[in-house]
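Engineer: The structure is given below, and queries will be raised subsequently.
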Amino acid sequence: MSERQRANHQCSAARLLRLLRILAGALAVALLPAGCGLPEIADLPLPGGKPAGTGYTVTAEFADVLDLVPRAAVKVDDVTVGSVEKISLSGWHAKVRLRIDRAVRLPANATAAVRQSSLLGEKYVAVAPPPTEPARGRLADGDLIPLSRTTRGAEVEEVLAALGLLLNGGGLAQLRTINAELGKALAGREPELRDTLAQLDTFLAGLDRQKADIVRAIDALDRLTGRLARQRQVVGDALDSLAPGLTVLAQQRAQLTKALTALGQLGTVGTQVIERSRDDTVASVKALQPILEQLARAGDDLPKSLDFMLSYPFPPNVTGAIVGDFVNLSVTADLDAASILANLLAAAPTASGSGIRPNARVTPRPSTAGGAPTSPGKPGGKPGGGILPDLPLTGCLPDLAKLPAVWTPPKECGLPEGCQLLKPGSAVPLGGLLLPKGVVPPGTAFAAGTELPAGTVLTADCVLPLTGAVTGQLGGLTDLLGGGLLQ
């Protein structure tokens, strides 16, 4: 016999016992003599103990009313306040109509439960205020207690069936096996288990401290999922629009692979080109260095000269002196003869255009290779040169075969202080001069045409400035272009 059949038999036996008790009571009443003066049936109280009288009707919905019968008692705090008038079936649940004394006040959210007066006693309906929420309103005639606020108690048959299932091999043996295996597994590992429990306690404590953060994260996740749910159509459209692009990428996968492979080969070729042209690139950059240094030295002279070109032959500040068809002009003439001669002799040109002063004496210059002295003119004895400067050239030039890194002329040479020759390949200082072909041009402290090793660098003090005098002030080309002539 199965457990379910055993439970059904027990339930049937209990019901049969209650039926026998009812029949015995009815038989005893029937056998009483008529002279005992039994009351009329209409005068008897209701079976639940509720005296007949006025009240209000309430309907309660139950998923299972067990063996509840009409005229069963309705109790509030174990006090009978009414009775069951009618039990009917509505769909898959039962509807019980209760009549409650009008003097009993119950909240509108009251609960109802089917209880049992004793182990084998009768069933009744217990009505009570809600246990988990505050009471509100008032239960009135015709109100409904819904299925969500009704329950039923456990039957004796159900308790005995569950107990029999547990005692009849329903898990005790398994509990013993589990306990024994647990003891074997943890034997000798008490410190590790204690450490594990301590770490678990620390972990749970950390979770408890971060409970607010976890709640905020869950709330944020809830808002995110809610937003995604509201934008489900947008997300779906976006995913649908990605499909054509993915299809095109899948179709052009071979071309993309070839393009990436060719890009790798291009990188290899580019690396080879850069490595092979590195020396030339470095040389080109070094060749640009003098130009950039001269541009840096020029500073703002170039933009000033461009400004002067717009008002040539007058300086830019002459616009304030132009009135109508005439120009206001003031000239201060310095007629000091000494100043005039000094200005004329400072940078007067020669017949050859070399920039050498006309009163310079011509002295023979020894050959750079140690040969016979050269005649006046160009280096090497070639006729037709300019006039050499008044310089004692003997010992004023280094050994060209062994030019040091930095060569300073002796003081007896009469060259400007700070004038030095730098070895070819040296960095050109600010204001210095690079001799690409090794020939000294006009305008330096050395004679024009002096031969030096190609690439020799002259410092800034070796370059002679161009000076002049206009309107009583001395200045160079930058002063002229700056528009400072008219005062």
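Engineer: In the set P398, P389, P465, which member is over 27 Å from Q289 (Cα atoms), modelled with pLDDT under 85, part of a loop (DSSP other than H, G, I, E, B) and of a type outside the set (F, W, Y)?
Structural biologist: Just one listed residue meets the conditions, P389.
Engineer: Also, I was wondering about something else. In the stretch 232-290, how many residues are among the acidic types (D, E) and more than 30 Å from L433 (Cα to Cα)?
Structural biologist: The initial filter retains those residues of the stretch 232-290 that are among the acidic types (D, E), namely 237, 240, 275, 279-280.
Filter again for more than 30 Å from L433 (Cα to Cα), leaving 237, 240, 275.
Within the stretch 232-290, residues that are among the acidic types (D, E) and more than 30 Å from L433 (Cα to Cα) number 3.
Engineer: Picking from L430, L434, which residue would you name as being of a type outside the set (D, E, K, R), modelled with pLDDT of 80 or more, under 27 Å from M309 (Cβ atoms) and touching a helix residue (DSSP H, G or I) at 6+ places or on another chain (Cβ under 8 Å)?
Structural biologist: L430
Engineer: For the subset of the stretch 82-141 comprising residues that are in contact with a strand residue (DSSP E or B) (Cβ under 9 Å, 6 or more places away or on another chain) and of a type in the set (S, T, Y), which member is nearest to A63 (Cα to Cα)?
Structural biologist: Among those residues, the one meeting the criterion is S90.
Engineer: Determine, yes or no, whether L66 is in the same structural domain as R149 (by TED's automatic domain parsing), touching a residue at least 12 places away in the same chain (Cβ under 8 Å) and not in a strand (DSSP E or B).
Structural biologist: yes
Engineer: Farther than 23 Å from G425 by Cα and modelled with pLDDT of 90 or more, is that true of V269?
Structural biologist: For V269, the condition - farther than 23 Å from G425 by Cα and modelled with pLDDT of 90 or more - is met.
Engineer: If you don't mind, another one. Kindly indicate the residue of the stretch 409-431 that is free of Cβ contacts under 8 Å to residues at least 40 places away in the same chain, in a loop (DSSP other than H, G, I, E, B) and touching a Cys at 6+ places or on another chain (Cβ under 8 Å) and also surrounded by the fewest Cβ atoms within 10 Å (Cβ to Cβ) among those meeting that condition.
Structural biologist: Step by step, filter the stretch 409-431, then rank; the result is P410.
Engineer: Further question on the same structure: Mind listing whichever residues of the stretch 420-450 are farther than 21 Å from Q289 by Cα and of a type outside the set (F, W, Y)? I'd like the intermediate steps shown before the answer.
Structural biologist: As a first pass, look at the stretch 420-450 and keep what is farther than 21 Å from Q289 by Cα: 442-443, 445-450.
Scanning the stretch 420-450 gives P442, G443, A445, A447, A448, G449, T450.
Engineer: Identify all residues within the stretch 99-129 that are surrounded by 14 or more Cβ atoms within 10 Å (Cβ to Cβ) and either more than 24 Å from D64 (Cβ to Cβ) or under 56 Å from the mean Cα position of the chain (by Cα) (or both); write none if there are none. First the steps, then the outcome.
Structural biologist: From the stretch 99-129, those surrounded by 14 or more Cβ atoms within 10 Å (Cβ to Cβ) are 99-101, 104, 106-107, 109-116, 122-129; that's our starting set.
Residues satisfying the conditions are D101, V104, P107, N109, A110, T111, P129.
Engineer: If you scan the stretch 278-316, which residues turn out to be in contact with a Ser or Thr (Cβ under 9 Å, 6 or more places away or on another chain) and in a helix (DSSP H, G or I)?
Structural biologist: A298, D301, K304, S305
The values are calculated or read from the model by the stated rules, or taken from the named source; none is laboratory data. The model shown is predicted, which means the values in this text are computed figures rather than measured ones. A quick note on method: Cβ atoms are made from the backbone with ideal geometry, for glycine too, and the neighbour counts reach across all protein chains shown.
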